[in-house]
1. What number of residues in the range 19-62 are within 15 Å of His402 (Cα to Cα), more than 9 Å from the ligand (Cβ to nearest atom) and buried (at least 20 other Cβ atoms within 10 Å of the Cβ)?
2. Considering only residues that are more than 26 Å from Met118 (Cβ to Cβ) and either among the acidic types (Asp, Glu) or surrounded by 11 or more Cβ atoms within 10 Å (Cβ to Cβ) (or both), which ones fall in the range 84-106?
3. Being within 13 Å of the ligand (Cβ to nearest atom) and in contact (Cβ under 8 Å) with a residue 40 or more places away in the chain is the requirement here; does Ile139 meet it?
4. For the range 284-300, give me the residue count where each residue is outside any loop (DSSP other than H, G, I, E, B) and either buried (at least 19 other Cβ atoms within 10 Å of the Cβ) or touching a residue at least 60 places away in the same chain (Cβ under 8 Å) (or both).
5. Please work out which residue is nearest to the ligand (Cβ to nearest atom), limiting yourself to the range 302-326 and to residues that are crowded, with 20+ Cβ neighbours inside 10 Å and under 21 Å from Thr20 (Cα atoms).
6. I'd like to verify a number: residues in the range 119-171 that are under 21 Å from the mean Cα position of the chain (by Cα), buried (at least 21 other Cβ atoms within 10 Å of the Cβ) and over 30 Å from Ile294 (Cβ atoms), how many?
7. In the range 394-425, which residue that is hydroxyl-bearing (Ser, Thr, Tyr) and out of contact with any helix residue (DSSP H, G or I) (no Cβ under 8 Å at 6 or more places or on another chain) is modelled with the lowest pLDDT?
8. Looking only at residues in the range 94-105 that are outside any loop (DSSP other than H, G, I, E, B) and within 25 Å of the chain's Cα centre (by Cα), which one is farthest from the ligand (Cβ to nearest atom)?
Amino acid sequence: MTTPTIVIVGGGAGGLALATRLGRTLGKRKRAEIVLLDRDTTHVWKPLLHELATGVLNSSMDEVDYRGHSSAHFYRYQRGSLTGINREERRLQLAPIQDEHGLEVLPARELSYDYLVMALGSISNDFGTPGVAEHCHFIDSPQQAKAFQRDMINTFLRYTDPTLRQHTQLTIGIVGGGATGVELAAELFDASRMLNAYGVTSLDHQTISVHLLEAAPRLLPGLAERISQTVKTELESMGVTVHTNTAIKEAQAHQLVTNDGEVIETDINVWAAGIKAPPFLAELGLTTNTKNQINVATTLQSVDDERIFALGDCASCPMGESGTVPPRAQAAHQQATLLAKNLANHLAGKPLADFRYRDHGSLVSLARYDAVGNLMRSSASKGLFLEGWLARQAYASLYRMHQLSIHGAPKTGLSWLVDKLNRYLKPRMKLH
Ligand SMILES: Cc1cc2nc3c(=O)[nH]c(=O)nc-3n(C[C@H](O)[C@H](O)[C@H](O)COP(=O)(O)OP(=O)(O)OC[C@H]3O[C@@H](n4cnc5c(N)ncnc54)[C@H](O)[C@@H]3O)c2cc1C
(Lines give C-alpha, C1' and ligand atoms only; values in the text may rest on other atoms or scores of the structure.)
Protein backbone atom coordinates (compact mmCIF):
# COMPACT_ATOMS: atom_id res chain seq x y z
CA MET A 1 0.00 0.00 0.00
CA THR A 2 1.40 3.44 -0.90
CA THR A 3 1.79 6.08 1.81
CA PRO A 4 -0.91 8.77 1.44
CA THR A 5 0.17 12.39 1.06
CA ILE A 6 -1.54 15.04 3.21
CA VAL A 7 -0.87 18.56 1.90
CA ILE A 8 -1.56 21.51 4.23
CA VAL A 9 -1.72 24.85 2.41
CA GLY A 10 -0.76 27.69 4.75
CA GLY A 11 1.61 27.48 7.72
CA GLY A 12 -0.15 30.03 9.94
CA ALA A 13 -1.75 29.81 13.39
CA GLY A 14 -3.72 26.69 12.42
CA GLY A 15 -1.69 25.16 9.57
CA LEU A 16 1.68 25.10 11.33
CA ALA A 17 0.17 23.62 14.51
CA LEU A 18 -1.49 20.91 12.36
CA ALA A 19 1.69 20.12 10.37
CA THR A 20 3.63 19.80 13.63
CA ARG A 21 1.04 17.48 15.19
CA LEU A 22 0.65 15.31 12.08
CA GLY A 23 4.43 15.20 11.57
CA ARG A 24 5.01 13.99 15.12
CA THR A 25 2.31 11.29 14.78
CA LEU A 26 1.58 10.09 11.22
CA GLY A 27 4.77 11.48 9.64
CA LYS A 28 7.18 10.04 12.22
CA ARG A 29 5.55 6.58 11.97
CA LYS A 30 5.56 6.82 8.15
CA ARG A 31 1.77 6.34 8.05
CA ALA A 32 1.45 9.43 5.85
CA GLU A 33 3.69 11.94 4.14
CA ILE A 34 2.93 15.39 5.54
CA VAL A 35 3.66 18.35 3.24
CA LEU A 36 3.30 21.97 4.34
CA LEU A 37 3.01 24.49 1.51
CA ASP A 38 3.44 28.21 2.21
CA ARG A 39 4.24 31.18 -0.01
CA ASP A 40 6.68 32.50 2.62
CA THR A 41 9.86 30.93 3.99
CA THR A 42 9.13 31.83 7.62
CA HIS A 43 6.14 31.90 9.97
CA VAL A 44 5.20 34.85 12.20
CA TRP A 45 2.13 34.36 14.44
CA LYS A 46 -0.43 36.75 12.96
CA PRO A 47 -1.65 38.32 16.25
CA LEU A 48 1.90 39.74 16.61
CA LEU A 49 1.69 41.70 13.36
CA HIS A 50 0.61 44.99 14.97
CA GLU A 51 3.77 44.80 17.14
CA LEU A 52 5.86 44.09 14.05
CA ALA A 53 4.18 47.04 12.32
CA THR A 54 5.22 49.47 15.04
CA GLY A 55 8.72 48.00 15.47
CA VAL A 56 8.04 46.84 19.03
CA LEU A 57 8.63 43.27 17.83
CA ASN A 58 11.75 42.38 15.89
CA SER A 59 10.54 39.57 13.63
CA SER A 60 13.94 37.89 13.37
CA MET A 61 13.52 36.86 17.02
CA ASP A 62 10.01 35.47 16.66
CA GLU A 63 9.88 34.02 13.16
CA VAL A 64 10.03 30.28 12.59
CA ASP A 65 11.97 29.03 9.56
CA TYR A 66 9.73 26.43 7.90
CA ARG A 67 12.63 24.41 6.50
CA GLY A 68 14.40 24.03 9.84
CA HIS A 69 11.14 23.39 11.68
CA SER A 70 9.98 20.74 9.18
CA SER A 71 13.16 18.69 9.48
CA ALA A 72 12.78 18.59 13.27
CA HIS A 73 9.09 17.62 13.16
CA PHE A 74 8.89 14.93 10.44
CA TYR A 75 7.03 16.87 7.75
CA ARG A 76 8.20 18.28 4.40
CA TYR A 77 8.08 21.99 3.59
CA GLN A 78 7.43 23.22 0.05
CA ARG A 79 7.59 26.86 -0.85
CA GLY A 80 4.78 27.84 -3.20
CA SER A 81 1.70 29.94 -3.68
CA LEU A 82 -1.49 28.01 -4.41
CA THR A 83 -3.54 29.31 -7.35
CA GLY A 84 -5.76 26.39 -8.40
CA ILE A 85 -6.85 22.79 -7.77
CA ASN A 86 -7.54 19.96 -10.20
CA ARG A 87 -9.88 17.92 -7.99
CA GLU A 88 -10.30 15.00 -10.43
CA GLU A 89 -6.54 14.34 -10.54
CA ARG A 90 -5.92 15.64 -6.99
CA ARG A 91 -3.25 18.07 -8.08
CA LEU A 92 -2.51 21.60 -6.85
CA GLN A 93 -1.37 24.37 -9.18
CA LEU A 94 1.37 26.62 -7.78
CA ALA A 95 2.34 30.04 -9.14
CA PRO A 96 6.00 30.77 -9.95
CA ILE A 97 7.93 32.44 -7.13
CA GLN A 98 9.89 35.58 -7.94
CA ASP A 99 12.48 37.50 -5.95
CA GLU A 100 12.25 41.23 -5.15
CA HIS A 101 13.81 42.05 -8.57
CA GLY A 102 11.15 40.03 -10.45
CA LEU A 103 13.54 37.16 -11.24
CA GLU A 104 12.03 33.69 -11.09
CA VAL A 105 13.18 31.66 -8.10
CA LEU A 106 10.82 28.70 -8.59
CA PRO A 107 8.79 27.96 -11.75
CA ALA A 108 5.03 27.26 -11.89
CA ARG A 109 4.54 23.69 -10.64
CA GLU A 110 2.01 21.07 -9.66
CA LEU A 111 1.83 19.10 -6.43
CA SER A 112 -0.15 15.89 -5.87
CA TYR A 113 -2.24 15.19 -2.77
CA ASP A 114 -4.42 12.45 -1.35
CA TYR A 115 -5.84 14.70 1.37
CA LEU A 116 -5.80 18.48 1.25
CA VAL A 117 -6.13 20.94 4.14
CA MET A 118 -6.78 24.57 3.23
CA ALA A 119 -5.39 26.81 5.99
CA LEU A 120 -4.44 29.93 4.08
CA GLY A 121 -6.02 32.52 6.34
CA SER A 122 -7.64 35.80 5.36
CA ILE A 123 -6.93 39.28 4.07
CA SER A 124 -8.48 42.64 4.96
CA ASN A 125 -11.86 43.33 3.40
CA ASP A 126 -12.01 46.80 1.84
CA PHE A 127 -15.64 46.20 0.72
CA GLY A 128 -14.71 47.80 -2.64
CA THR A 129 -14.29 51.23 -0.99
CA PRO A 130 -12.67 53.62 -3.55
CA GLY A 131 -9.02 54.51 -2.94
CA VAL A 132 -8.42 51.99 -0.14
CA ALA A 133 -6.23 49.56 -2.12
CA GLU A 134 -4.04 52.45 -3.35
CA HIS A 135 -3.84 54.69 -0.28
CA CYS A 136 -4.15 52.50 2.83
CA HIS A 137 -1.76 50.14 4.52
CA PHE A 138 -3.01 46.65 5.36
CA ILE A 139 -1.51 44.62 8.20
CA ASP A 140 -2.24 41.13 6.86
CA SER A 141 1.26 39.72 6.40
CA PRO A 142 4.77 40.28 7.82
CA GLN A 143 5.74 42.05 4.55
CA GLN A 144 2.84 44.50 4.90
CA ALA A 145 3.59 45.05 8.59
CA LYS A 146 7.24 45.84 7.76
CA ALA A 147 6.17 48.19 4.92
CA PHE A 148 3.99 50.08 7.43
CA GLN A 149 6.88 50.25 9.89
CA ARG A 150 9.22 51.76 7.26
CA ASP A 151 6.58 54.33 6.28
CA MET A 152 5.89 55.14 9.93
CA ILE A 153 9.58 55.68 10.83
CA ASN A 154 10.11 57.86 7.72
CA THR A 155 6.98 59.92 8.45
CA PHE A 156 8.04 60.32 12.09
CA LEU A 157 11.50 61.46 10.96
CA ARG A 158 10.03 63.89 8.43
CA TYR A 159 8.28 65.58 11.35
CA THR A 160 11.61 66.32 12.99
CA ASP A 161 12.27 68.80 10.17
CA PRO A 162 9.73 71.68 9.99
CA THR A 163 10.29 72.12 6.21
CA LEU A 164 9.24 68.52 5.44
CA ARG A 165 6.05 68.42 7.56
CA GLN A 166 2.66 68.04 5.83
CA HIS A 167 0.64 69.42 8.79
CA THR A 168 1.34 70.74 12.29
CA GLN A 169 0.30 67.35 13.73
CA LEU A 170 1.34 63.94 12.45
CA THR A 171 -1.96 62.13 11.94
CA ILE A 172 -2.54 58.41 11.51
CA GLY A 173 -6.02 57.26 10.49
CA ILE A 174 -6.97 53.69 11.38
CA VAL A 175 -10.18 52.38 9.83
CA GLY A 176 -11.73 49.52 11.83
CA GLY A 177 -12.24 49.42 15.59
CA GLY A 178 -11.81 45.65 15.94
CA ALA A 179 -8.88 44.03 17.76
CA THR A 180 -6.34 44.91 15.03
CA GLY A 181 -7.28 48.61 14.90
CA VAL A 182 -7.47 48.98 18.68
CA GLU A 183 -4.15 47.19 19.33
CA LEU A 184 -2.39 49.14 16.58
CA ALA A 185 -3.65 52.49 17.91
CA ALA A 186 -2.28 51.73 21.39
CA GLU A 187 1.05 50.44 20.01
CA LEU A 188 1.51 53.62 17.97
CA PHE A 189 1.41 55.77 21.07
CA ASP A 190 3.85 53.46 22.79
CA ALA A 191 6.14 53.57 19.72
CA SER A 192 6.12 57.38 19.67
CA ARG A 193 7.00 57.39 23.39
CA MET A 194 9.92 55.05 22.74
CA LEU A 195 11.15 57.02 19.74
CA ASN A 196 11.13 60.06 21.97
CA ALA A 197 13.29 58.17 24.47
CA TYR A 198 15.67 57.18 21.62
CA GLY A 199 16.30 60.80 20.71
CA VAL A 200 13.49 61.78 18.32
CA THR A 201 12.56 64.44 20.84
CA SER A 202 10.41 66.51 18.50
CA LEU A 203 7.74 63.80 18.77
CA ASP A 204 5.41 63.76 21.73
CA HIS A 205 1.72 63.27 22.44
CA GLN A 206 0.97 66.78 21.21
CA THR A 207 2.53 66.18 17.78
CA ILE A 208 0.95 62.76 17.16
CA SER A 209 -2.71 62.29 16.55
CA VAL A 210 -4.38 58.91 15.98
CA HIS A 211 -7.95 58.67 14.68
CA LEU A 212 -9.66 55.30 15.13
CA LEU A 213 -12.80 55.03 13.00
CA GLU A 214 -15.46 52.36 13.50
CA ALA A 215 -18.72 52.00 11.54
CA ALA A 216 -20.55 50.21 14.41
CA PRO A 217 -21.92 52.08 17.47
CA ARG A 218 -19.00 50.84 19.63
CA LEU A 219 -15.41 49.62 19.41
CA LEU A 220 -14.83 45.84 19.41
CA PRO A 221 -18.44 45.13 18.40
CA GLY A 222 -17.89 41.35 18.70
CA LEU A 223 -16.83 41.53 22.36
CA ALA A 224 -18.67 42.28 25.61
CA GLU A 225 -19.84 45.89 26.10
CA ARG A 226 -17.76 46.29 29.26
CA ILE A 227 -14.56 45.49 27.32
CA SER A 228 -15.51 47.99 24.57
CA GLN A 229 -16.17 50.72 27.13
CA THR A 230 -12.95 50.12 29.08
CA VAL A 231 -10.87 50.03 25.88
CA LYS A 232 -12.45 53.27 24.64
CA THR A 233 -11.71 55.02 27.93
CA GLU A 234 -8.11 53.75 27.93
CA LEU A 235 -7.48 54.77 24.32
CA GLU A 236 -8.96 58.22 24.86
CA SER A 237 -6.81 58.71 27.95
CA MET A 238 -3.74 57.92 25.79
CA GLY A 239 -4.88 60.56 23.29
CA VAL A 240 -6.56 58.49 20.56
CA THR A 241 -9.61 60.16 18.94
CA VAL A 242 -12.30 57.47 18.72
CA HIS A 243 -15.06 57.88 16.11
CA THR A 244 -17.93 55.38 16.30
CA ASN A 245 -20.91 55.19 13.88
CA THR A 246 -18.41 56.44 11.29
CA ALA A 247 -18.04 54.60 7.99
CA ILE A 248 -15.41 55.60 5.44
CA LYS A 249 -16.65 56.06 1.88
CA GLU A 250 -13.32 56.98 0.24
CA ALA A 251 -9.60 57.05 0.95
CA GLN A 252 -7.13 59.40 -0.70
CA ALA A 253 -3.36 59.83 -0.36
CA HIS A 254 -3.63 62.06 2.72
CA GLN A 255 -7.34 61.96 3.53
CA LEU A 256 -10.14 59.74 4.75
CA VAL A 257 -13.65 60.79 3.76
CA THR A 258 -16.52 59.69 6.02
CA ASN A 259 -20.07 58.81 4.92
CA ASP A 260 -21.20 62.20 6.29
CA GLY A 261 -18.71 63.96 4.02
CA GLU A 262 -16.28 64.86 6.82
CA VAL A 263 -12.66 64.91 5.61
CA ILE A 264 -9.94 63.76 8.00
CA GLU A 265 -6.47 64.91 6.94
CA THR A 266 -3.93 62.15 7.51
CA ASP A 267 -0.27 61.34 6.98
CA ILE A 268 -0.71 57.55 7.03
CA ASN A 269 -3.87 55.48 6.53
CA VAL A 270 -4.38 51.93 7.79
CA TRP A 271 -7.33 49.72 6.80
CA ALA A 272 -8.30 47.06 9.34
CA ALA A 273 -12.08 46.83 8.87
CA GLY A 274 -13.15 43.21 8.55
CA ILE A 275 -11.69 40.20 6.78
CA LYS A 276 -12.34 37.99 3.78
CA ALA A 277 -10.65 34.85 2.48
CA PRO A 278 -8.41 35.21 -0.63
CA PRO A 279 -10.72 35.77 -3.67
CA PHE A 280 -9.31 32.86 -5.73
CA LEU A 281 -10.91 30.42 -3.24
CA ALA A 282 -14.30 31.31 -4.75
CA GLU A 283 -13.08 30.09 -8.16
CA LEU A 284 -11.95 26.58 -7.19
CA GLY A 285 -15.32 24.90 -7.73
CA LEU A 286 -15.83 24.49 -3.96
CA THR A 287 -18.86 26.06 -2.26
CA THR A 288 -17.88 29.33 -0.56
CA ASN A 289 -19.76 32.11 1.25
CA THR A 290 -19.81 35.83 0.39
CA LYS A 291 -16.42 36.28 2.14
CA ASN A 292 -14.84 33.57 -0.09
CA GLN A 293 -14.59 31.22 2.91
CA ILE A 294 -14.86 27.50 2.07
CA ASN A 295 -18.10 26.02 3.44
CA VAL A 296 -17.20 23.05 5.61
CA ALA A 297 -19.24 20.57 7.64
CA THR A 298 -18.62 20.25 11.39
CA THR A 299 -16.04 17.54 10.55
CA LEU A 300 -14.14 20.37 8.76
CA GLN A 301 -14.57 18.60 5.41
CA SER A 302 -15.57 20.74 2.45
CA VAL A 303 -19.29 20.24 1.74
CA ASP A 304 -18.26 19.24 -1.82
CA ASP A 305 -15.28 16.93 -1.35
CA GLU A 306 -14.58 14.61 1.58
CA ARG A 307 -10.81 14.66 0.90
CA ILE A 308 -10.59 18.45 1.16
CA PHE A 309 -10.63 20.00 4.65
CA ALA A 310 -10.43 23.66 5.65
CA LEU A 311 -9.70 25.41 8.94
CA GLY A 312 -9.14 28.85 10.41
CA ASP A 313 -10.01 32.16 8.75
CA CYS A 314 -10.49 30.65 5.26
CA ALA A 315 -13.21 28.24 6.45
CA SER A 316 -16.88 28.83 7.21
CA CYS A 317 -17.76 26.21 9.83
CA PRO A 318 -21.28 26.06 11.28
CA MET A 319 -21.69 26.94 14.96
CA GLY A 320 -24.97 26.81 16.91
CA GLU A 321 -28.30 27.49 15.20
CA SER A 322 -27.22 29.88 12.47
CA GLY A 323 -23.75 31.20 13.32
CA THR A 324 -20.26 30.30 12.12
CA VAL A 325 -16.98 29.88 14.01
CA PRO A 326 -15.31 33.31 14.38
CA PRO A 327 -11.99 34.07 12.60
CA ARG A 328 -9.72 33.84 15.62
CA ALA A 329 -6.34 32.29 16.37
CA GLN A 330 -7.84 30.20 19.17
CA ALA A 331 -10.45 28.80 16.73
CA ALA A 332 -7.75 27.92 14.15
CA HIS A 333 -5.73 26.24 16.89
CA GLN A 334 -8.69 24.19 18.18
CA GLN A 335 -9.57 23.16 14.62
CA ALA A 336 -5.97 22.02 14.02
CA THR A 337 -6.19 19.81 17.11
CA LEU A 338 -9.46 18.21 15.92
CA LEU A 339 -8.24 17.84 12.34
CA ALA A 340 -5.11 15.96 13.44
CA LYS A 341 -7.46 13.37 15.00
CA ASN A 342 -9.93 13.37 12.10
CA LEU A 343 -7.24 12.81 9.47
CA ALA A 344 -5.83 9.87 11.47
CA ASN A 345 -9.41 8.52 11.82
CA HIS A 346 -10.07 8.91 8.10
CA LEU A 347 -6.90 6.95 7.25
CA ALA A 348 -7.93 4.24 9.72
CA GLY A 349 -11.49 4.07 8.29
CA LYS A 350 -12.97 5.34 11.57
CA PRO A 351 -15.80 7.93 11.87
CA LEU A 352 -14.85 11.61 12.11
CA ALA A 353 -15.55 13.81 15.15
CA ASP A 354 -17.46 17.11 15.00
CA PHE A 355 -15.81 20.46 15.77
CA ARG A 356 -17.17 22.38 18.76
CA TYR A 357 -15.68 25.83 19.32
CA ARG A 358 -14.85 26.65 22.93
CA ASP A 359 -14.57 30.40 23.43
CA HIS A 360 -11.98 30.74 26.20
CA GLY A 361 -12.44 34.50 26.21
CA SER A 362 -10.85 37.45 24.44
CA LEU A 363 -7.99 39.69 25.40
CA VAL A 364 -7.07 42.94 23.71
CA SER A 365 -3.56 44.29 24.15
CA LEU A 366 -3.12 48.01 24.83
CA ALA A 367 0.65 48.15 24.26
CA ARG A 368 3.28 47.01 26.72
CA TYR A 369 1.66 47.80 30.01
CA ASP A 370 -2.00 47.01 29.67
CA ALA A 371 -4.59 44.63 28.27
CA VAL A 372 -8.34 44.20 28.74
CA GLY A 373 -10.60 41.21 28.27
CA ASN A 374 -12.37 38.25 29.74
CA LEU A 375 -11.35 34.64 30.30
CA MET A 376 -13.16 31.37 30.91
CA ARG A 377 -16.20 32.42 28.90
CA SER A 378 -18.93 29.88 28.26
CA SER A 379 -22.46 29.89 26.84
CA ALA A 380 -23.75 30.28 30.41
CA SER A 381 -21.35 32.95 31.70
CA LYS A 382 -19.65 36.12 30.51
CA GLY A 383 -16.41 34.92 32.11
CA LEU A 384 -13.92 36.65 34.33
CA PHE A 385 -13.23 40.31 33.47
CA LEU A 386 -9.50 41.10 33.49
CA GLU A 387 -7.64 44.37 33.18
CA GLY A 388 -4.11 45.68 33.69
CA TRP A 389 -1.02 43.62 34.51
CA LEU A 390 -2.90 40.34 34.99
CA ALA A 391 -4.66 40.69 31.63
CA ARG A 392 -1.30 41.55 30.03
CA GLN A 393 0.22 38.32 31.41
CA ALA A 394 -2.79 36.30 30.18
CA TYR A 395 -2.45 37.94 26.74
CA ALA A 396 1.26 37.06 26.57
CA SER A 397 0.46 33.47 27.56
CA LEU A 398 -1.63 33.06 24.36
CA TYR A 399 1.54 33.39 22.29
CA ARG A 400 3.42 31.02 24.61
CA MET A 401 0.66 28.45 24.06
CA HIS A 402 1.11 28.77 20.31
CA GLN A 403 4.87 28.33 20.75
CA LEU A 404 4.21 25.29 22.93
CA SER A 405 2.16 23.68 20.16
CA ILE A 406 4.86 24.16 17.52
CA HIS A 407 8.09 23.88 19.57
CA GLY A 408 7.29 21.82 22.68
CA ALA A 409 7.98 22.80 26.30
CA PRO A 410 11.83 22.97 26.49
CA LYS A 411 12.22 25.30 23.50
CA THR A 412 9.27 27.48 24.58
CA GLY A 413 10.87 27.85 28.03
CA LEU A 414 14.20 28.82 26.46
CA SER A 415 12.54 31.29 24.14
CA TRP A 416 10.83 32.94 27.16
CA LEU A 417 14.26 33.25 28.83
CA VAL A 418 15.85 34.73 25.69
CA ASP A 419 13.03 37.30 25.48
CA LYS A 420 13.69 38.33 29.09
CA LEU A 421 17.45 38.63 28.44
CA ASN A 422 16.89 40.64 25.28
CA ARG A 423 15.00 43.24 27.27
CA TYR A 424 18.38 44.18 28.72
CA LEU A 425 20.51 43.48 25.63
CA LYS A 426 18.53 45.08 22.81
CA PRO A 427 16.63 48.31 22.20
CA ARG A 428 12.91 47.94 22.91
CA MET A 429 12.09 49.04 19.42
CA LYS A 430 13.36 48.25 15.92
CA LEU A 431 14.54 51.64 14.69
CA HIS A 432 15.23 50.95 10.99
C1 LIG B 1 -3.01 42.38 14.14
C2 LIG B 1 -3.85 41.16 14.46
C3 LIG B 1 -4.11 40.82 15.78
C4 LIG B 1 -4.87 39.68 16.08
N5 LIG B 1 -5.07 39.36 17.39
C6 LIG B 1 -5.74 38.22 17.70
C7 LIG B 1 -5.91 37.83 19.06
O8 LIG B 1 -5.49 38.53 19.99
N9 LIG B 1 -6.58 36.67 19.33
C10 LIG B 1 -7.08 35.86 18.33
O11 LIG B 1 -7.67 34.80 18.62
N12 LIG B 1 -6.93 36.21 17.02
C13 LIG B 1 -6.28 37.37 16.67
N14 LIG B 1 -6.13 37.73 15.36
C15 LIG B 1 -6.70 36.87 14.31
C16 LIG B 1 -5.77 35.67 14.05
O17 LIG B 1 -4.48 36.14 13.73
C18 LIG B 1 -6.29 34.82 12.91
O19 LIG B 1 -7.63 34.44 13.18
C20 LIG B 1 -5.45 33.55 12.75
O21 LIG B 1 -4.11 33.88 12.46
C22 LIG B 1 -6.02 32.67 11.62
O23 LIG B 1 -5.20 31.55 11.49
P24 LIG B 1 -5.11 30.78 10.10
O25 LIG B 1 -4.26 29.57 10.35
O26 LIG B 1 -6.45 30.58 9.55
O27 LIG B 1 -4.38 31.78 9.09
P28 LIG B 1 -3.00 32.61 9.23
O29 LIG B 1 -2.45 32.54 10.60
O30 LIG B 1 -3.29 33.95 8.66
O31 LIG B 1 -2.02 31.81 8.23
C32 LIG B 1 -2.26 31.75 6.84
C33 LIG B 1 -0.99 31.22 6.17
O34 LIG B 1 -1.30 30.92 4.80
C35 LIG B 1 -0.26 31.39 3.95
N36 LIG B 1 -0.85 31.62 2.62
C37 LIG B 1 -1.78 32.55 2.31
N38 LIG B 1 -2.11 32.45 1.01
C39 LIG B 1 -1.39 31.43 0.50
C40 LIG B 1 -1.31 30.82 -0.81
N41 LIG B 1 -2.03 31.24 -1.84
N42 LIG B 1 -0.44 29.79 -0.98
C43 LIG B 1 0.34 29.36 0.05
N44 LIG B 1 0.28 29.88 1.28
C45 LIG B 1 -0.57 30.90 1.52
C46 LIG B 1 0.26 32.63 4.65
O47 LIG B 1 1.61 32.92 4.26
C48 LIG B 1 0.16 32.23 6.15
O49 LIG B 1 1.35 31.60 6.57
C50 LIG B 1 -5.39 38.87 15.02
C51 LIG B 1 -5.14 39.23 13.69
C52 LIG B 1 -4.38 40.36 13.41
C53 LIG B 1 -4.12 40.73 11.95
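1. Here the count works out to 3.
2. Those that are more than 26 Å from Met118 (Cβ to Cβ) and either among the acidic types (Asp, Glu) or surrounded by 11 or more Cβ atoms within 10 Å (Cβ to Cβ) (or both): Asp99, Glu100.
3. yes
4. 3
5. Filtering first and then ranking leaves Gly312.
6. Of the residues in that region, 2 qualify.
7. Among those residues, the one meeting the criterion is Tyr424.
8. Gln98
The values are calculated or read from the model by the stated rules, or taken from the named source; none is laboratory data. Just so it is clear, the model here is predicted, and its values are computed rather than measured. Positions of Cβ are backbone-derived with ideal geometry, glycine not excepted, and every protein chain shown enters the neighbour counts.
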